[in-house]
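What follows is calculated from the coordinates using simple rules that are stated; it is not laboratory data. This is a predicted model, so every value here is computed, not measured. All Cβ positions, even for glycine, are placed from backbone atoms using ideal geometry, and neighbour counts span all protein chains on display.
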Amino acid sequence: MSNSLTPPEIQSKLERILLTVEKPGRYVGGELNAVIKDWDSIETHVGLVFPDLYDLGLPNLGLAILYDTINQRADALAERAYSPWTDMEAAMRENQIPLYSLESKHGLADFDIIGISLPYETLFTNALNILDLAGLPLHSDQRDESHPLVIAGGHACFNPESMSAFIDAFVIGEGEEVIHELIAAHQVWKRSGGKRRTLLESLAALQGLYVPSLYDVSYHPDGTVSSIKPQVENARLPVIKRIAAKLPPPVTKFIVPNINVVHNRVAVEIMRGCTRGCRFCHAGMITRPVRERPVAEIVDAVEQAVAQTGFDEVALLSLSSSDYTHILELTETLGQRMAGKHLTVAVPSLRIESFSVELMEKLQESKPGGGFTLAPEAASERMRRIINKPIDQAAVLEAARAVFSHGWKSLKLYFMIGHPSETLEDVQAIVDLCFQVAAIGKQEAGGRASVHAGIGTFIPKPHTPFQWVGLDNIETIREKVDLLRRGLRSPRIKLTWNDPEGTLLEAWLSRGDRRLGAVIESAWRAGARFDAWQEHYRYDLWQEAFNQVGLDPDFYSHRQRGLDEILPWEVVSSAVRKNYLVEEYKRSLKGEIQADCREKCYRCGILPEFNELRLQNPGECWQCPEVSK
């Protein structure tokens, strides 16, 4: 793949191929609110990449935040690139067109820094494809001073080891502040004309930056990690995640896409973090502590964003939006301020236990949509105690009745199957609950009422209390899915579920060590792409990749791990104490419930780290009374 074409040469070649591919609007740029700067007058060029389709990547809020904050600098620019679909990739390779930015049509190899977003593990092969399409060496140790610095961030980076061979530095945690420190360090290095190793060592000194080439990892004969050792003093062990003590102002100038994408909307993060303590929830553990935005700031941002985009939908985002302290005031104020603008206000993450009829009425006053979503996760009391989801059946049914009685015609319920402690009786409870909810829907909303049961499969993710347990047996998972398929045959109930073989891939990648990088590369070279897309996922390619590398996939997915074992991802820290996770794991074995930590502090370890930041940001609000001590 050529990486020496100029932007006019790339543009010329694009004009000859775009009409031959599906949705050429994915590849042309020029959208409303895209930022185009004078390339030659800018010191630092950052290429932000979402390694999936434009349709999914453009609405990604994390990338939008970085794009906005970098482009506010006078000395830096940020431009975007996404994974081309298979037809466009073939055309680019045939015509020797490198992967380029939408704004200026510069090849990615022309940038100083390439930032790859990795929110989920099934993007890993796409990330390798990005590097190859850009004409860059796949491996970090094959890149020199002439190549861009390749960084990655996102939730999947909380176990960076599987991708450690390919990424120069990982941002662990929140990127709004550290991206500016990283740009500054790169500028100092570039002006000095130093070696690439010098740059990497300077990055390792920044909190939240993990540079894998500066660490040595060794293994026991049984394949478990025996030691993790930094090579230089700057390299911290562990690398503690970066926390933004005060959330920066929300993005208001969203890019308006050329084509229809998954979310054409204004997205405002109203709160970051979660206090619920669900033991399976990776996001809930790694995004602690809770930080809330003021109502006025959110409403002002919505008003500005709607004016600058023309979108008629607003999503109030967080892991648990109904836990936002001022949610009723927020929805009421939004309704008043945006009256007459026919705006739909979506609150995608409502907790049943904090659900209220009053909130529902406020949402409906804005403009009711067609459906509503709740997440019971489990349908039996036993499983709810194991996963620390303390709600009772009556609360679920009461919430369902409120949804249907207030005009919504469909209700989506999220459930999780596949925890090793789960029985077929626990799965049958999902069937029973869905029929109860469907009956309430028919009673309250008539024959048009419907229930959608969305079934996810439990994966024991790093940095959670379940990180030591193994994945459920794949045959057992299939048996549970078959029970649901047989049991939920009804015109009023729709069932969707995760492919068990796709669950295996996510488990391998999220729980891997450095040796798994060879498996990822082998699968990619054999044609693995778009693994998150069921029609493109090739289980056979991954099985063959494990065989070629000589690794046992069950070692990563199904093995129960010892509490004293060094886990590969312990090179980084979510700032939650390991002892707290052990204690929570042991409580799960006893079926012991822990209340919301707004009610009681369990000393998970996040507070000392957060308090240090709060001293630099006085006035930041945090609900836990322990913070003030």
5 Å-binned pair-distance histogram of region 7-240 (Cα, whole percent): 1, 6, 14, 18, 20, 17, 11, 7, 4, 2, 1, 0
Between Leu483 and Ile259, what is 0.36 nm times their sequence separation minus the Cα-Cα distance? Round to one decimal in nm. 76.7 nm
What is the antiparallel percent of DSSP beta bridges lying wholly in the chain, to the nearest 5? 20 percent
Peptides ranked, highest mean first, by Cβ atoms within 10 Å: ranges 416-424, 36-44: 416-424, 36-44
Relative to the Cα centre, what is the charge dipole magnitude of the chain, using +1 at the beta carbon of each Lys and Arg, -1 at the beta carbon of each Asp and Glu, and rounding to the nearest 20 debye? 1020 debye
I'd like the distance between the alpha-carbon centres of region 218-278 and region 527-547, rounded to an integer number of Å. 26 Å
Taking R0 as 35 Å, what FRET efficiency do you get between Leu589 and Lys412 from their Cβ-Cβ distance, rounded to the nearest 0.05? 0.65
Once label points are set 7 Å from the Cα along Cα→Cβ at both Thr344 and His139, what is their separation, rounded to one decimal in nm? 4.9 nm
Do the alpha carbons of any pairs in Lys461/Lys578; Lys362/Lys409; Lys190/Lys229; Lys480/Lys590; Lys241/Lys600; Lys389/Lys590 sit beyond 20 Å of each other, and which pairs? Lys190/Lys229; Lys480/Lys590; Lys241/Lys600
What is the order of Val28, Val295, Val171, fewest Cβ neighbours within 10 Å to most? Val28, Val295, Val171
Explain nothing, just the number: dipole magnitude of region 7-240 about its Cα centre with +1 on each Lys and Arg Cβ and -1 on each Asp and Glu Cβ, in debye rounded to the nearest 20. 260 debye
Could you check the simple spin-label distance between Glu475 and Asn547, using points 7 Å along Cα→Cβ, in nm with one decimal? 2.1 nm
For 493-499, 443-449, 463-469, ranked highest to lowest by mean beta-carbon neighbours within 10 Å, the order is 463-469, 493-499, 443-449
How much FRET efficiency would the formula 1/(1 + (r/R0)^6) give for Thr325 and Arg561, where r is the Cβ-Cβ distance and R0 is 45 Å, rounded to 0.05? 0.75
Put +1 on the Cβ of each Lys and Arg and -1 on the Cβ of each Asp and Glu in the chain; which of Gln11, Gly193, Ser522 then has its Cα farthest toward the positive end of the dipole? Ser522
Which listed residue (Pro250, Thr464, Ile36) has the Cα farthest towards the positive end of the charge dipole for the chain, taking +1 on Lys and Arg C-beta and -1 on Asp and Glu C-beta about the Cα centre? Thr464
Based on the alpha-carbon gyration tensor of the chain and its eigenvalue square roots a ≥ b ≥ c, which shape applies: rounded if a/c is under 1.5, prolate if not and a/b is larger than b/c, or oblate? rounded
Determine, for Leu128, Leu206, the number of other Cβ atoms within 10 Å of each Cβ, and report the residues in order from fewest to most. Leu206, Leu128
Rounded to whole angstrom, the alpha-carbon centroid of region 99-164 lies from that of region 1-76 at a distance of 14 Å
For region 7-240, what is the percent of antiparallel DSSP beta bridges, rounded to the nearest 5? 30 percent
I'd like to know which of Leu209, Gly277, Thr309 lies farthest towards the positive end of the charge dipole of the chain, counting +1 on Cβ of Lys and Arg and -1 on Cβ of Asp and Glu. Gly277
For region 56-129, shape from the Cα gyration tensor axes a ≥ b ≥ c, cut at a/c of 1.5 then a/b versus b/c, turns out oblate
Note: Glu398 to Val232 extended length (0.36 nm per residue) minus current alpha-carbon separation gives 54.0 nm
Cα centroid separation - region 392-406 against region 453-525, whole Å: 29 Å
Report, in deg cm²/dmol and to the nearest 500, the calculated mean residue ellipticity at 222 nm for the chain, where each DSSP H run with n ≥ 4 adds -39500 (n - 2.57) and the sum is divided by the residue count. -10500 deg cm²/dmol
What full-extension length gain, to one decimal in nm, is calculated for Asp312 and Leu61 as 0.36 nm per residue of separation minus the Cα-Cα distance? 88.6 nm
State, to one decimal in nm, how far the label point of Glu425 lies from the label point of Asp222, with both points 7 Å from Cα in the Cβ direction. 3.3 nm
